[in-house]
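Q: Have a look at this one before I ask anything.
Each value in this text was obtained by applying a stated rule to the coordinates, not by laboratory testing. What you see is a predicted model; the values in this text were computed from it and never measured. Virtual Cβ from ideal backbone geometry, glycine too; neighbours counted across all protein chains shown.
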Amino acid sequence: MDVQIIQIEYEKYNKHSDQIDLQAHNGEQISLVSLSPNGKYVVTYSYNDNSIEGWDVVNSKLILTFQKNVKLPEESGFIDDIKINNSKIVCYVLGSETNTFQMPNIESPIELNPPPKMQRPRINFTKDGNLAIFDKNKILVYSTDGKMKSSHELLSHNEVIRGVSIDENDNIWVISPNYLFHLDLKKFRLKFSYSLGFTAEVDKRFTVISKGNSVVVKYNNEIAIFSEGVHFPIKNIKDTNIKKIELCKIQNNDYLLAFNLPEKQDEKYEKQNIFLYHIIDIKKQPIDVSKIFNKGHSEDKFYEYNSDLEKAFGLVNGEFSCINIDFDQKFLESHEVFFESHRDDDDLDDDDLDDDDFVSWNNYLCWNNYLYQGSCCNDTLAFPDMKNLRLLVSNDCKYIDENKDINFENQKYKWRIDLKNKKLSVIHADKDLKNKKLSVNADQGILDSKNLDDNSWNLKWNWKILNNNALALRYYGNCTGDTVIIYNYNIKKKKIKIKYYYKKGLVKLNKEEFSKSILPIATDLDKDKIKIISNIISNIIEDDRCLAKYGQTLLPILIESSDSDLTRRMEDIYKKCMKLVKENPKRNLKFLNIITSSMNKLYKSHFDYITKFNSEMFMILDPFNESVNNEKEHSHFHTFSQEAIIATGYSKFFKPFHSLISYDLMNNLRNYFIEKKAIQYITLIVPYVDYSRYPSEYSFLNELFYPPSSVFTKTCKKKEFYTNWNGEAVIKFKWKTFGKAYYYFIWLIFMVFLICFTIASFPTNSLTQEIRIKLFKTSIVFGFFHLLFELRQFALDKKKYFLSIWNIFDLSAYIPATAASIYYVKIIESFGIYFAIIFGVARRVFSFLVVLAIIILSFAHAFFLLLHPQNFLNSLNAQDQSDPNNPWTLSNTYNQTDENGNILNASLIQIPSENTNLFYSYPTSLLATYLFLTGNQNSFSPWTPKLTTEYTTLFGLMAIFSFLVVIYLMNLFIGLLDTEIGNNKSRAKYLAQKAEVIAEIELFYLLPHQRRRRTWFPEVIYYRVDVEKARKHIRKAIKKGEWKMNDWPEMKQKILKLLSMDNNNTIVNQAV
């Protein structure tokens, strides 16, 4: 290994002084070191010398040039942090003060306007040199001249933020008790969140390093290592001696360097230890690399290491210096076992390789090819070389008319395309075989070959060698479409395997399809390619990292597939996700989002999975809080999240309004007047992970009329999601965070509309015409406000709009304004259950009512044909004694009497009306039949029974109608109503109805950026339940058969034990 010590160049200072102290800070100990992002400038601080010094790292000669000793004010105290940017602007934190100056002009500080007001500020410079000052509550960004560019507040519903960090790549890292959130400093959008694998309990400073595919976080004594885009930690390390971490690259593999930095200021330091950790193999112990840095001089101390420059900065032989770090071949060979490469999922065991193989493949395999705890690993899919694949798709294909040799990166092997035999082979680079296949060949001949697609010949070709020496082949033809296949060669088994296959019909591929961080999944599959795709899917399922990345994309494809083999893979994904969650919920909880993201599709075509999921996830304890706690501030069923957001200007503007009607304010007021008693509670989590999340990228204008749907909005009407506490917790959380605020705002707007319309239309002389017109105009404005949202719903889905009974109800509410007051009590629980019964029963008996209506229409038509007068048009004016149905014939006849009571010959006929014979037209016949159904027989009274058979048909129809409709069908209808009322008189129906209202608010009242608020739409929702009520809930579930001990028995036993229900409980023993 080569260590080059760079001495301080001091010749120009000798011009001003005969003697000069060669030691930094007059020989006093260095307390802090900071390196500029470009690595050309270093600043140091000494507490004992009370000074700051700056150092130039001059070009390729690596000469460290002493600049100037900057003295701090006397009795300044200890500086907590110091940073420098590429423009040599220095910022340091002293207590709660933040000071900035251009090096070395500390006497002329850069005034920050307005000055930051933080108790424990942290600092860093952004990519463009701006200063970021932050704590766990606020982020301030200042320009280089001290003017504030932006101010942002960090919000969380449960005060879960434990700390904030901003790195030099403009990444914001927010840590909560259980998660690490990655946000963008420019757009302040969430990029990803990681499960820590430990609990961050107190507010402490933490460090996050992100390079390439690696993310490492150090919090207190805990270190978690992640792969980018994979939510669970690859490795957790706990070490109390580690003070600083840095990633370094050795032979294209990433490793973790851990330093124990000097802390004491007045005593001689003990030996500094520097360890190198294997990132991915938890079985390998760290190795001591201190000698690589100090070359045997144990008194040397190092404060900073830059992995890009491969330089370390610290005290060498008592002088502040910069050294080049080189892990040479001798060092690697002495630790051969530690630096062994990991292989692809079906790759080799090291014992099966000769030395030549080991060296060659070790030179190019990156750290991504790891085998995590025995799990399968597929780096082609887990860490795809998207850059080369985009180039492959962007570049034009070309015809080939001869064998093509494609070199591996290590130059030991070659891929060969064999035109004659239509095969792919791997050959040795020094062996030129004349066969025409795509083969792997070594000195002894062809190692392996694989048949290529018969449809691929006489087409245009292109290829790329990927970063793991996999071969990406692309061929294109107008009749065959565009295809990309990735081949890997397995040294151990001497086999070529297909690791990836993608084809999209007959269209040509474009680089946009490969613009994401993962490979696109083929959806249009040829039958002869099903086996290949099935094998690729198996590799994804077996590799936890691949499953985490591709699961949400893959599962919907499998659900919609009609192939039995692919359908079985759907079952494999479900079982693997549930297995991972049950084994380690702390690490693997977010695997549930693979299932929940496809809940709507599963509900439609595989409903049994919904039932199974709800049974297995009936109740889940918070894996970070599996204990009984006491709480006085919140009541039973308190919902919350552990999410954090950065407030924008819009959020700040509406914060007072939201706080005014928020749950917390109402809860505090209630607690002020009514003293609450402390309750014992347990904390549960909702298994619907990412249930209501929206895509992070969006178009503002497009979403105003075509808002995207979340899983929640697609399934909100399904009462099966609200049969247990999990669904209810989702509704309560949404109602508390934003639903109630917007609901009352909409209700308030409507009340203004209703009052204006009512007053304006009220017939009174107390209102002038001018005031009446103004009130009508106001009601028109507010009426159009409501109709605008109805128009947006109609534009989104015209068919579903009219199929929703609530939309019809809305329209009737806004047109006749008085009906809407009923609508706006529909989700108050005391009224809402009855509305759920009314409309739920109506939906269920609608078919019966249709049949009943057809029967009534048929009888009405029969009565009309039998009893209508012969003269339709003038029956009331033209008497026709020969027509028994003529109104004059049916009209009442009165006889005259004399004074003695004798009947005279003359008689009087009552002038008939339209009601005399209601069967003179079909509409009136329908009315008469309906009246007969209700028990009113006056419509048939003119046709009195006679001894003749004149009205036999009439009375026969009346008898059939009375029995079939009035007696049988109406009693059957009453029975159906009673049954359906019992079925719909449930809390699940009410919650589904409330969920529908909340979904409407989400889609049509929230603005696009509000649907991305993490505190409103979190990944995981938590809820606290009273212990006694939890016991009652479990007993009730056991009686109903909903508590199944075989579904995750470990979790159910843990809950029962926590609730003291596991010993000799008769009801619990009845559980299935």
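Q: How would you order 494-501, 857-864 from highest to lowest mean count of nearby Cβ atoms within 10 Å?
A: By packing density, highest mean first, the sequence is 494-501, 857-864.
Q: While we're looking at this one, here's another question. For the stretch 90-213, take every pair of Cα atoms, bin their distances at 10 Å starting from 0, and report each bin as a whole percent.
A: 12, 44, 32, 11, 1
Q: Next up: So if each residue of separation counts as 0.36 nm, and I subtract the Cα-Cα distance between I780 and N26, what length gain in nm does that give?
A: Fully extending the segment from I780 to N26 adds 263.4 nm.
Q: Which entries of K732/K1036; K503/K579; K243/K301; K238/K575 show an alpha-carbon separation above 24 angstrom in the structure shown? Don't skip to the end; give the middle numbers.
A: Values: K732/K1036 21 Å; K503/K579 32 Å; K243/K301 13 Å; K238/K575 32 Å.
K503/K579; K238/K575, as the Cα separations exceed 24 Å there.
Q: Taking the Cβ-Cβ separation of N38 and K149 as r and a Förster radius of 35 Å, what is the calculated FRET efficiency to the nearest 0.05?
A: It comes to 0.95.
Q: Still on this structure, I have one more. With only alpha-carbon atoms in the gyration tensor, what are the semi-axes of the equivalent ellipsoid for the stretch 690-785, in Å, largest first?
A: Its equivalent ellipsoid spans semi-axes of 40, 18, 10 Å.
Q: Ranked highest first by average number of other Cβ atoms within 10 Å, how do 761-768, 934-941, 881-888, 610-617 line up?
A: The most tightly packed comes first, giving 610-617, 881-888, 934-941, 761-768.
Q: So how do 779-785, 697-703, 563-569, 382-388 stack up, highest first, on mean other-Cβ count within 10 Å?
A: My ranking of the peptides, most packed first, is 382-388, 779-785, 563-569, 697-703.
Q: May I pose another question? Working out 0.36 nm times the residue gap between Q1053 and S538, then minus their Cα-Cα distance, what length gain in nm do you get to one decimal?
A: Working it through step by step, the gained length comes to 182.1 nm.
Q: Compute the FRET efficiency between R568 and E299 as 1/(1 + (r/R0)^6), taking r as their Cβ-Cβ distance and R0 = 51 Å, and round to the nearest 0.05.
A: Result of the calculation: an efficiency of 0.20.
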